[in-house]
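Trainee: Before I ask anything, here is the structure I am working with.
Computed from the coordinates by the stated procedures, all read-outs in this text should not be read as laboratory data. This one's a predicted model, so the numbers in the text were calculated from it and none came from an experiment. Note that each Cβ is placed from the backbone with ideal geometry, even for glycine, and that neighbours are counted across all protein chains shown.
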Amino acid sequence: MARVLEAAETQFCEHGYDGASIDAIAAASGVSKVTIYSYFPTKADLFQSAINQRVESQFAEVDWARLDPRKPREALTLIGRAFLALMRSEDVIKKHRTLYGTQGLDSTAAESYVAAGPMKLVSAIAMYLDAANKVHSLQVTDTELSANQFLSLFLGLGQIRALLGLSLPTKREDEELLRANVELFLRGLEAKKK
């Protein structure tokens, strides 16, 4: 099914959710529509699976199970760097433009995106924050809220400019943003020394 998801990714990126064609995805992947529908009963299921694959490929270098809860600076820097790379990628920017442009027309696509992307990442970060809480390297009252706040730190002016088709931040600017965001986040959550 990797070929189907790759073809779907291309279709959704080039034509948006509404314009993506299952016929074109079938032709590009070399499988029949019947085969696609046997794995993905709806277009929204296919879209969600394509988003899942994209997020997983971007975060492949983040071994969530091996992030050391005693080293939150290191872990959050790795997570933040992968998130910034994902958000700055051309295909993700195109998908966001499409989803925001069709907002209200197809809530199924939007819900699929939120479940496969943002909610999945927030949950994974919240699990890491839970682990850091347990070893007392951080003090987090609400791990899900804090995970959401951490990701939100990266969605400022640079992302707005990218979505509007203006300029992307440079690698140096993104590295500075990453460092500053991790430091700011940690200042609010670091366990008080006894």
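Trainee: Which of the peptides 3-11, 18-26 is most tightly packed, and how do the rest follow, going by the mean number of other Cβ atoms within 10 Å of each residue?
Mentor: Top to bottom by mean Cβ count within 10 Å: 3-11, 18-26.
Trainee: Over 16 Å, how big is the tail of the calculated P(r) for the range 130-182, in percent of all Cα pairs?
Mentor: Value for the range 130-182 (Cα pairs over 16 Å): 54 percent.
Trainee: I've got another one for you. To the nearest 20 debye, what is the magnitude of the charge dipole of the chain about its Cα centre, counting +1 on the Cβ of each Lys and Arg and -1 on the Cβ of each Asp and Glu?
Mentor: About 660 debye.
Trainee: Using a Förster distance of 22 angstrom, determine the FRET efficiency expected from the C-beta separation of Asp45 and Leu155, and round it to 0.05.
Mentor: 0.25
Trainee: Related question: Put a dot 7 Å past each Cα toward the Cβ at Glu190 and His136; how far apart are the dots in nm?
Mentor: So the two model labels end up 1.7 nm from each other.
Trainee: Under 24 Å between alpha carbons: how many lysine pairs meet that in the chain, if sequence neighbours fewer than 8 apart on the same chain are excluded?
Mentor: For the chain, the number of qualifying lysine pairs is 18.
Trainee: Per residue of the range 146-157, in order, report the coupling 6.51 cos²θ - 1.76 cosθ + 1.60 (Karplus, θ = phi - 60°) as ³J(HN,Hα) in whole Hz, putting x for Gly and Pro.
Mentor: Karplus-based 3J(HN,Hα) across the range 146-157 equals 5, 4, 4, 4, 4, 5, 4, 4, 8, 9, x, 4 Hz.
Trainee: Here's something else I'd like to know. Find out how many positive minus negative residues lie around Ser89, taking Lys and Arg as positive, Asp and Glu as negative, among other residues whose Cβ is under 10 Å from that of Ser89.
Mentor: +2
Trainee: Taking just the alpha-carbon atoms of the chain, what radius of gyration and Dmax come out, in angstrom?
Mentor: 18.4, 64
Trainee: Once you put a point 7 Å from the Cα of Asp18 and another 7 Å from the Cα of Glu175, both along the Cβ direction, what distance in nm separates them?
Mentor: According to this spin-label approximation, the distance is 4.2 nm.
Trainee: Go ahead and run the numbers for FRET between Glu90 and Ser32, Cβ-Cβ distance against an R0 of 35 Å, rounding to 0.05.
Mentor: Once the sixth-power term is evaluated, E becomes 0.70.
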